[in-house]
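As structure tokens, the structure follows; a few thoughts come after it.
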Amino acid sequence: MIELNSQKQGQSQEKEQELNCKIIVGKVSISNVDRFLSSLKNIAHKYDVTIQAMDAELIAGGEHIISAVKKAIRATERKRNITSDLGLEILLYAAGRRQLERAFAMGVSVSEGEKRAAIVIVDAREEKDLEMVAEEVKRKIGLQEEPISELALEYKGDKKEGIKKFFDITEAELKAVGEPKLKMLVLERVAMLDVLK
């Protein structure tokens, strides 16, 4: 469980917001997309949680996912959500896009084969032991878990180029802030979705 404290300047601490969220990362072989998605949906229904799978190659670290989850929950609570499905709302924020079609490109359901997936499990009511849910997810879909640190950006190769292309990050932007700030530019895109609504 990840605890998030928020405090406004000059004011006493606001109500502590607790986020019951578990992220698992690893390789998964998807032989049938419909069966894969159905397995996740069945587990989500069984435990009354939200489960969203994303392409780990388009994720700029754990903070990227946590930011998307927090913003999706807040949008839903404020009735400013784009969709009625929290999983899709998380995907929209993670993609930094209003268009579902564009956000779906960030999901792992685009094609079959071996993938690196980042799967987020969220209990918006903050009651469930998500470790147990994560174990069932790993077992049912055959996920070979990697440390969450594997999501951290490596500023080279296909992942960097894929992220730049997906988030429309230009060389000029990257030059202005420096290569190590690629993650910051992605988080900016996630935050901008609220402005674009």
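A few remarks follow.
- Selected residue [within 17 Å of Lys41 (Cα to Cα), touching a residue at least 60 places away in the same chain (Cβ under 8 Å) and in contact with a Cys (Cβ under 6 Å, 6 or more places away or on another chain)] from Val122, Val133, Val108: Val122
- Test result for Arg97, crowded, with 19+ Cβ neighbours inside 10 Å, charged (D, E, K, R) and either assigned to a loop (DSSP other than H, G, I, E, B) or free of Cβ contacts under 8 Å to residues at least 60 places away in the same chain (or both): yes
- Residue match in the stretch 151-165 (condition: modelled with pLDDT of 90 or more, under 19 Å from Ile59 (Cβ atoms), in a helix (DSSP H, G or I) and among the hydrophobic types (A, V, I, L, M, F, W, C)): yes
- Residue that is nearest to Val120 (Cα to Cα), among those in the stretch 41-70 that are over 8 Å from the mean Cα position of the chain (by Cα), buried (at least 21 other Cβ atoms within 10 Å of the Cβ) and at pLDDT 95 or above: Ile51
- Looking across the stretch 117-160, the residues that are basic (Lys, Arg) and under 18 Å from the mean Cα position of the chain (by Cα) come down to Lys138, Lys159, Lys160.
- Test result for Ala105, small (Gly, Ala, Ser), surrounded by 13 or more Cβ atoms within 10 Å (Cβ to Cβ) and either within 10 Å of the chain's Cα centre (by Cα) or modelled with pLDDT of 90 or more (or both): no
The values are calculated or read from the model by the stated rules, or taken from the named source; none is laboratory data. Since we're looking at a predicted model, the values are computed, not measured. So basically every Cβ, Gly included, is an ideal-geometry build from the backbone, and we count neighbours across all protein chains shown.
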